[in-house]
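Engineer: Take a look at this one; I'll ask things after.
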Amino acid sequence: MEVHVSSIKDGVFTLINVQNLTYALKDVQNITMIIILIGILVGMICILVSMSFAASTDKAVKKIIHAMGKADQGDYDVQISLEGKDEFARIAHHFNDMIIRIKESNQQERDALVREKNAEIKSLEAQINPHFLYNTLDAINWVAVENEEFQISKMLINLAAILRYSIQKCNEIVTIEEELEYLKRYIYLQQQRFCYSFQCMIHMDDALKCSRIHKLLIQPLIENTIVHGFPGNTGHDEIDLIIQKKNDTYIQIQVEDNGKGMSQELAELFNSYDYRKDKIETSIGVRNVITRLKLYYGDNSYFHVDSSERGTTVTIMIPYEI
C-alpha cells in the first residue's frame, strides 16, 4: 500500500492518493507467469524435438556404420534401408549403389580369372603332354646324331626348345627379343614341314627388343596364316611380321601375308568378337589371342583384321612396357 499527499491551491485543498501496489501489479504478475510458462513449454518441446532428431540421427548413423563394417569384412550383399529424403537417406542410397557396382566389378574380375585360367589350361592341353614329348624328342635326337642325321637333329632341337618355352609359365611376360627367338624356331620348323614354300620376314626396331609382352601372342597369328592363308605350294607365299612403336605409348604388331585372304564374314567375326559371350575352349588360335589381349591389357589393347583377295593383315596393339 502506498500513500501520496499533495496540496492544491496553496494549501486550501489537500489531495491524498492511496494506491494498492499488489492489486495494481496483479495483471503484470499474471502476464509474467504466463510468459514464463510458455517459455518453459517451448523449451521442453525443443528438447523433445532435439532428442527425437538425435535418436533418429543416431539410428541412421548406426545403420550406415554397421553396413560399412560388413562391407569392409567382404559382405557385398549388405544394403541400407532408410526412408525419407534427408542427407542420411541420400548417403544410404549412394552406399547401396556403390556396393552393387563393387559386387559387379568383383564378379567380372572373378570371371576374367576363370577365363584366363581356362585359356592357360587349354594352351597346356593343346601341347599334348609336353613333358613327355620333350623327353621323347631328346631321345630321338641322340639317335639322329648317332646316325649323322644332322638336319633331323636340328629340327628336333628347335622343337624341344619350343616345347620348353611353351610349358614354362604360359602367361609369363617376356621381352620381345625372347618371343622372337621362340618364333624363329617355330617358323624354321614350319618351313621344313612345307619345304620352304613360304618366306617370313621380321621387321622390328632394335630399340623394342627389351620391351615386354605376354608370351605366345604372335605365334597363333603366324600359324593361322601358314595353315589357312596360303592357297598352296606356290613358292611365292610371303609373311611379313612388322613390330613398331606407336605414339610412344603403344607397340603395334602386324602380320601381313599375300595369301588368298578370308571371307568378310570371318574377318568381321574376329573384329567384333566378344570373348565374354563365347567359351575359351572353342579355340586356341586367333580367338584365343583376342581373349588374352583383353584379359591382359583390357581396353588398352587393340585387334583388327583387314582381308581381301590380295592377302590379310592382322594388327594388334598393346601398351609399350619396359
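Engineer: Once you have the Cα-Cα distance between Arg212 and Asn247, take 0.36 nm times their residue separation minus that, and quote the gain in nm to one decimal.
Structural biologist: 10.9 nm
Engineer: Return the long-range amide H neighbours of Ile239 (sequence gap of 5 or more, or a different chain), with a cut-off of under 5 Å between placed amide H atoms.
Structural biologist: Those lying under 5 Å, H to H, from Ile239 are Gln199, Cys200, Met201.
Engineer: Next question, about the same structure. Could you put Thr249, Thr291 in order of accessible surface area, largest first, with the 1.4 Å probe and the full protein assembly present?
Structural biologist: The residues order as Thr249, Thr291, largest area first.
Engineer: Sticking with this structure for a sec: Separation between the Thr175 and Val145 pseudo-spin-labels, each 7 Å from Cα along Cα→Cβ, expressed in nm?
Structural biologist: Placing both labels 7 Å beyond Cα along the Cβ direction yields 2.8 nm.
Engineer: Can you tell me the length gained on complete extension of the stretch Asp240 to Ile102, counting 0.36 nm per residue apart and subtracting the Cα distance?
Structural biologist: 45.2 nm
Engineer: In whole Hz and in residue order, list the ³J(HN,Hα) couplings for segment 308-322 that follow from phi through the Karplus curve 6.51 cos²θ - 1.76 cosθ + 1.60, θ = phi - 60°; x for Gly and Pro.
Structural biologist: Once rounded to whole Hz, the list reads 8, 5, 8, x, 10, 10, 9, 10, 10, 9, 9, x, 6, 9, 10.
Engineer: Also, I was wondering about something else. Setting aside same-chain residues fewer than 8 positions from Lys215, which aspartates and glutamates have a Cα under 17 Å from its Cα?
Structural biologist: By straight Cα distance, Lys215 reaches Glu116, Glu120, Glu125, Glu172, Glu177, Glu178, Glu179, Glu181, Glu223, Glu321.
Engineer: If I model a spin label as a point 7 Å beyond the Cα along the Cα-Cβ vector, how far apart are those points for Phe53 and Lys277 in nm?
Structural biologist: 5.5
Engineer: Give me the number: length gained by fully extending His94 to Ile322, i.e. 0.36 nm times residue separation minus the C-alpha to C-alpha distance, one decimal in nm.
Structural biologist: Full extension of this stretch gives 78.1 nm more.
Engineer: Can you tell me how segment 184-315 classifies by the Cα gyration tensor, rounded, prolate or oblate, using a/c under 1.5 as the rounded cut?
Structural biologist: oblate
Engineer: Sort Ile47, Ile218, Ile202 by accessible area with a 1.4 Å probe, largest first.
Structural biologist: So the residues, ranked largest to smallest area, are Ile47, Ile202, Ile218.
Engineer: Can you put His304, His236, His93, His203 in order of accessible area, largest first, using a 1.4 Å probe?
Structural biologist: Greatest to least solvent exposure: His236, His93, His203, His304.
The values are calculated or read from the model by the stated rules, or taken from the named source; none is laboratory data. For clarity, every value in this text was computed on a predicted model and none was experimentally measured. Ideal geometry is used to build each Cβ from the backbone, glycine not excepted, and the neighbour counts take in all protein chains shown. When the accessible area is computed, the model is the full protein with side chains, heavy atoms only, and any ligands, DNA or RNA have been set aside. Shrake-Rupley method; radii C 1.70, N 1.55, O 1.52, S 1.80 Å.
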